[in-house]
Amino acid sequence: MQISRIIFTILLFAVLSCNLKESEIVPILQLDNTANPINQIIPYPAKVTLPKDSTHHDTPIEWWYFNGNLHDISGEKYSYHFTVFQTEPDLDGAHPQVFHLSWNTHKTRSFIHDEKTFQYYGELSSSNINFTVSSWEMSKSGETFYLFFNTSDTYIELELTPVKPVVLHNDSGLVDMGIAGITYYYTYPLLNVSGTIRQNNTEQSLFGVSWMDHQWGDFLEEPPIGWSWMSIQLENQNEIMVAKVRNTETGEQIASYGTFINELGQATHLKSSDFTLIPTKIWVSNRTNLSYPIIWELSIPSLSTILNISAITENSEFFGENFVTQPYWEGATDITGIFKETNMPGVGFMELVGY
């Protein structure tokens, strides 16, 4: 998601268009480096305002993203990510939507992923998100988020309640990534999770923590971009988001930024010069032959912090022969290392695109 997490800007348009009948094809927008975000909710460059901006925007791309690290009452660990991507209305008024889901059982390293596409006709809600396709659902009522999804034999219901206030990245919620474009971006960095998992005619309770992103904007067509995005939730209820955006043809870094959130929910923007993020291990997919850096070292000198970010399941590539989006890596991470000169474990998530 993401991030920031910049999701499939041109790939999503191009491939979705190829899968629609002629009357539904969305033309790819030609944007220049001086274009303002196409946003009918808040004018550029205003600050993100909630709850008004929690719903839909008429921008080329928008997404709502959740990840989480969970456990059942026996201590078995799981993780998931669940995302809805949405583009501008197509020529006959439908909103193209793409749903992504992954579910990982840590004990067996069983990584299951799926994708569903949907053409939404009708008026979108102006009060709360409410996405549904088949048996999958992402919705919000009051301050609580609700997620329902299933794999072939596993059914998950989750209720997510914010522990901390929402965080507007770069203070205003507007992140300028230079030649890569502009994005509006906010996060719920810590949500308590309760729910159930049902499989083999047995139901168990689930508990844990989640992270939520909402992002929209006008990402530019050139240059082709990829990114490395990470969310970190430390045991002492401090959170970190870092992102690096690069040109996938040249490898040149385009943008690098992040946010630190302390235990009180106070956020500090991290500039490119405030941290280093270095890969230390590569995993090669035997399905796509793509190489993903799955272990990283994050250093933030101002926080006296050096953290190791390690993939829990190496094979967390999101890929399907019939998927409309290109392969990427998305999975849970284990966090170890030093935070403010103290040993501090944690959990997290990582997204790697364009490798």
*asked:* Can you find, within region 335-355, the residue that is farthest from residue 283 (Cα to Cα) among those that are part of a strand (DSSP E or B) and within 17 Å of the chain's Cα centre (by Cα)?
replied: 347
*Could you please let me know if residue 114 is out of contact with any Gly (no Cβ under 7 Å at 6 or more places or on another chain), under 16 Å from residue 157 (Cα atoms) and at pLDDT 90 or above?*
no
*asked:* If I filter region 61-82 for residues that are at pLDDT below 50 and assigned to a loop (DSSP other than H, G, I, E, B), do I get at least one hit?
replied: no
*Among (1) assigned to a loop (DSSP other than H, G, I, E, B); (2) within 20 Å of the chain's Cα centre (by Cα); (3) more than 22 Å from residue 78 (Cα to Cα), which single condition is residue 320 missing?*
(3)
*Filter region 147-182 for residues that are among the hydroxyl-bearing types (Ser, Thr, Tyr) and within 30 Å of residue 226 (Cα to Cα); which is modelled with the lowest pLDDT?*
151
*If you go through region 87-113 one residue at a time, how many are surrounded by 18 or more Cβ atoms within 10 Å (Cβ to Cβ) and of a type in the set (D, E, K, R)?*
1
*Check region 281-292 and report whether any residue there is of a type in the set (A, V, I, L, M) and under 18 Å from the mean Cα position of the chain (by Cα).*
no
*How do the strands (runs of 3 or more DSSP E) wholly within region 210-294 filter down when requiring 2 or more residues that are over 25 Å from residue 138 (Cβ atoms), among the hydrophobic types (A, V, I, L, M, F, W, C) and in contact with a helix residue (DSSP H, G or I) (Cβ under 7 Å, 6 or more places away or on another chain): which remain?*
253-261
*Is it the case that residue 32 is assigned to a loop (DSSP other than H, G, I, E, B), over 14 Å from residue 182 (Cβ atoms), of a type in the set (D, E, K, R) and at pLDDT below 85?*
no
*Can you tell which of 192, 170 is of a type outside the set (Val, Ile, Thr) and part of a loop (DSSP other than H, G, I, E, B)?*
170
*asked:* Within region 308-322, does at least one residue satisfy the condition of being in contact with a helix residue (DSSP H, G or I) (Cβ under 6 Å, 6 or more places away or on another chain) and farther than 16 Å from residue 282 by Cα?
replied: no
*Would region 314-327 turn up any residue that is within 20 Å of residue 185 (Cα to Cα), surrounded by fewer than 19 Cβ atoms within 10 Å (Cβ to Cβ) and not basic (Lys, Arg)?*
no
*Among the residues of region 244-260 satisfying the criterion of being of a type in the set (Gly, Ala, Ser) and buried (at least 20 other Cβ atoms within 10 Å of the Cβ), which is nearest to residue 179 (Cα to Cα)?*
255
*Take residue 237 and decide whether it is modelled with pLDDT under 95, more than 16 Å from residue 168 (Cα to Cα) and polar (S, T, N, Q).*
no
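The values are calculated or read from the model by the stated rules, or taken from the named source; none is laboratory data. All values reported here derive from a predicted model rather than from experimental measurement. Note: ideal-geometry Cβ built from the backbone for every residue, glycine included; neighbour counts use all protein chains shown.
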